[in-house]
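Enquirer: There's a structure below that I have some questions on.
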Amino acid sequence: VAGAGAGAGGRQPTFLAQQRQRLAIEAIGNLSSSPKLRTLFVELGVGPSIRDAALLALSVPADAAASVCEPSVLSLEMPTICFLANAAAALHNLCTDDSSAAECLRPLVGALCALLQRSDVTSEPDLSGRFLALLGKVARVEGVCACLLEGGALETAAILLDANVAGTPSPKVSLVPLPRFEELSNETEDTSMGPLAQPKTAAEAEAGAEPTFDVVGPALKLLTTLVHADASLASTLCGRGSIPALVKLLCHASDHVRGNAALCVSELARDERSLAVLAVQPHLIEPLLDIAHHKTGALQKNAAICLARLAKNAHCLQAIRDGHGMEILMQYVKPKI
């Protein structure tokens, strides 16, 4: 992976060396879905080399600020964008067990935001999903959220989420085939902001987490991270009409998505205006009660906390009582209601 960096005298890497490097990064992106192999890659320190290869392809200097975006990003050809998607998948996986590793990825933020402004990227979930997933990791680094907002990441993620939840994603364009990418669950993360999958058996963990076939999971996670970092963004999402799509995700087939949707709704419920809009949404309380009654661990806890915040609204409180949800609430919150 490191072999295709600038050569002696600062010369650019040869075409053959560059192709070998890109194939190696593609392989790491696939293999790092295995916890054991991921640990090995982290120990070998391949992350910075992958980052440098991506920066070279983007023509962005390694010491660039997170908000910097070279104009050349907008004119990149599709094979290079596909390589960057593979690099994003590998970097995302390598950050799974070590959130501090995202710190060195700051220089990529501006360029990734710019890529997500391209219609040929946003029309292909395999591309936009990978870039959004990596931005979701980097968003937790101090100071990066402001750069993401400046780069339009909130609006892009909300637009993609709305379109995909409504079942009307943009038409796909013809792309170079992409390898498998898996959005991994980090069991060591703080449950207040981490992925909310159910505990896995050893065999399931070794096999990797649920594959991400669309953009919904990464877009949802990025929106949740941004709203958690800046509570005023709840009103922004409410104002642009994103709440109905987020509420629909509480009934998603994936527990991982349902859990993150509960976490996002919980953040929105902190905002008075958003809470009022949430209260009139159909199918809001029922799926949360279903999670709270029938799931366990972090998934159940986040649903219960979400219900507690919604209970500040009289209509929601009555629906919770009607659904026999008060008992589960008292397990996680102090009796204020």
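The values are calculated or read from the model by the stated rules, or taken from the named source; none is laboratory data. All values derive from a computational prediction rather than experimental measurement. Note that each Cβ is placed from the backbone with ideal geometry, even for glycine, and that neighbours are counted across all protein chains shown. Heavy atoms of the whole protein, side chains included, go into the accessibility calculation; ligands, DNA and RNA do not. Shrake-Rupley method; radii C 1.70, N 1.55, O 1.52, S 1.80 Å.
Enquirer: Only one residue in H293, H283 is open to solvent by 40 Å² or more (accessible area, probe 1.4 Å), modelled with pLDDT under 95 and either part of a helix (DSSP H, G or I) or within 17 Å of L160 (Cα to Cα) (or both). Which one?
Expert: The conditions single out H293.
Enquirer: Something else about it: State yes or no: is P35 surrounded by fewer than 21 Cβ atoms within 10 Å (Cβ to Cβ) and over 22 Å from the mean Cα position of the chain (by Cα)?
Expert: For P35, the condition - surrounded by fewer than 21 Cβ atoms within 10 Å (Cβ to Cβ) and over 22 Å from the mean Cα position of the chain (by Cα) - is not met.
Enquirer: What is the residue count in the stretch 296-307 for residues that are open to solvent by 10 Å² or more (accessible area, probe 1.4 Å) and among the hydrophobic types (A, V, I, L, M, F, W, C)?
Expert: 2
Enquirer: Next up: What helices (runs of 4 or more DSSP H) completely inside the stretch 233-277 contain at least 2 residues that are surrounded by 23 or more Cβ atoms within 10 Å (Cβ to Cβ) and touching a Pro at 6+ places or on another chain (Cβ under 9 Å)?
Expert: 255-268
Enquirer: Follow-up question, since we're still on this one. If you take the residues of the stretch 134-145 that are out of contact with any Cys (no Cβ under 9 Å at 6 or more places or on another chain) and under 29 Å from E43 (Cβ atoms), which of them is surrounded by the fewest Cβ atoms within 10 Å (Cβ to Cβ)?
Expert: E142
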